[in-house]
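Enquirer: Mind looking over this structure? Questions follow.
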Amino acid sequence: NHTVLLQAAQAHVFNPLFPQHSRHARILLDSGSQQSFVTECLAKELDLLPGTGQTMSVATFGSKGRRARTCRCTSVDVQLRGRQRSQLDLLTVPFICEPISHQPVLLCRDKFSHLANLDLADHGNDSSRLQVDILVGSDQYWTLATGEIRRGPTGPVAIGTKLGWVLSGPVLTDTSTMGVSSTN
């Protein structure tokens, strides 16, 4: 059994014009996506102002063709470590992905010495179903990623971000050593 950790983070996000409109959000960093997105639900909760529409050609995994989709442009402020904020320009979409699960980041931090004492950007556990609110694609990936990496002889790789460390890569889920069960 194995689990693959995704580059997930949690952060406080704000409406840039009305900072009192804020909430905690889950962010997925995905360098395989060309654009960055926010769910319409979060945009509505934060009362984000919709900007101009942008027509995109969307091709998803497993599809044989592309389809046109019009998305509204908007911006959100993200609270970084050290109390600074960064503005992300995003496209609104109804849905990013199904909730992610089997992300035992805290167990990995405790098990692998190269991850010990890292200030993780996500605190999900193996049984959490984590709803993704924002997907940061390659257009803004390096706005958040610092380029710092920690790699050990085994286990996931830690990637430094301005939100804290995110973990990425496969993890063998040996229930006798990690206390993790997988139902893949």
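The values are calculated or read from the model by the stated rules, or taken from the named source; none is laboratory data. Worth saying up front: this structure is predicted, and the values here are computed from it rather than measured. Virtual Cβ from ideal backbone geometry, glycine too; neighbours counted across all protein chains shown. Side chains included, ligands, DNA and RNA excluded: accessible areas come from the protein's heavy atoms. Shrake-Rupley method; radii C 1.70, N 1.55, O 1.52, S 1.80 Å.
Enquirer: Yes or no: Ser57 surrounded by fewer than 17 Cβ atoms within 10 Å (Cβ to Cβ) and within 19 Å of the chain's Cα centre (by Cα)?
Expert: Numbers: surrounded by fewer than 17 Cβ atoms within 10 Å (Cβ to Cβ): yes; within 19 Å of the chain's Cα centre (by Cα): no.
It is false that Ser57 is surrounded by fewer than 17 Cβ atoms within 10 Å (Cβ to Cβ) and within 19 Å of the chain's Cα centre (by Cα).
Enquirer: Could you list, in sequence order, all residues of the range 105-125 that are touching a Leu at 6+ places or on another chain (Cβ under 7 Å), open to solvent by 20 Å² or more (accessible area, probe 1.4 Å) and either under 20 Å from Thr39 (Cα atoms) or assigned to a loop (DSSP other than H, G, I, E, B) (or both)?
Expert: Residues satisfying the conditions are His123, Asn125.
Enquirer: When the range 15-49 is examined, which residues are found to be open to solvent by less than 50 Å² (accessible area, probe 1.4 Å), assigned to a strand (DSSP E or B) and more than 16 Å from Cys73 (Cα to Cα)? Don't jump to the end; show me each part of the working.
Expert: The initial filter retains those residues of the range 15-49 that are open to solvent by less than 50 Å² (accessible area, probe 1.4 Å), namely 15-16, 22, 25-29, 33, 36-39, 42-43, 46, 48.
Then drop every residue that is not assigned to a strand (DSSP E or B), which leaves 22, 25-29, 37-39.
Answer for the range 15-49, where residues must be open to solvent by less than 50 Å² (accessible area, probe 1.4 Å), assigned to a strand (DSSP E or B) and more than 16 Å from Cys73 (Cα to Cα): Ser22, Ala25, Arg26, Ile27, Leu28, Leu29.
Enquirer: Sticking with this one: Among the numbered criteria (1) crowded, with 19+ Cβ neighbours inside 10 Å; (2) in a strand (DSSP E or B), which one does His102 miss?
Expert: The single condition His102 does not satisfy is (2).
Enquirer: Are any residues in the range 137-166 basic (Lys, Arg) and crowded, with 18+ Cβ neighbours inside 10 Å, and if so, which ones? Full working, then the answer.
Expert: Applying the first criterion (basic (Lys, Arg)) to the range 137-166 yields 150-151, 162.
Selection gives Lys162 alone.
Enquirer: Another question, if that's okay. Kindly evaluate Ala68 against the criterion of being open to solvent by 60 Å² or more (accessible area, probe 1.4 Å) and small (Gly, Ala, Ser). Break it down stepwise before answering.
Expert: On the way: open to solvent by 60 Å² or more (accessible area, probe 1.4 Å): yes; small (Gly, Ala, Ser): yes.
So Ala68 fits the description; yes.
Enquirer: Can you tell me which residue is modelled with the lowest pLDDT among those in the range 24-34 that are closer than 20 Å to Ile159 by Cβ and not small (Gly, Ala, Ser)?
Expert: Looking at the filtered set, the residue picked out is Gln34.
Enquirer: Given the residues Asp77, Asp89, Asp47, Asp30, which is the only one that is within 23 Å of Leu130 (Cα to Cα) and in contact with a His (Cβ under 6 Å, 6 or more places away or on another chain)?
Expert: Working: Asp77 fails: in contact with a His (Cβ under 6 Å, 6 or more places away or on another chain); Asp89 fails: in contact with a His (Cβ under 6 Å, 6 or more places away or on another chain); Asp30 fails: in contact with a His (Cβ under 6 Å, 6 or more places away or on another chain).
Only one candidate passes the filter, namely Asp47.
Enquirer: Let me ask something else. Residues in the range 71-99 that are without any contact (Cβ under 8 Å) to a residue 24 or more places away in the chain and open to solvent by less than 20 Å² (accessible area, probe 1.4 Å): how many?
Expert: Selection size over the range 71-99: 0.
Enquirer: Can you give me the ranges of the strands (runs of 3 or more DSSP E) entirely in the range 51-95 with at least 1 residues that are in contact with a helix residue (DSSP H, G or I) (Cβ under 9 Å, 6 or more places away or on another chain)? Can you show your working first?
Expert: On the way: elements: 53-58, 67-79, 85-93.
By residue number, 67-79, 85-93.
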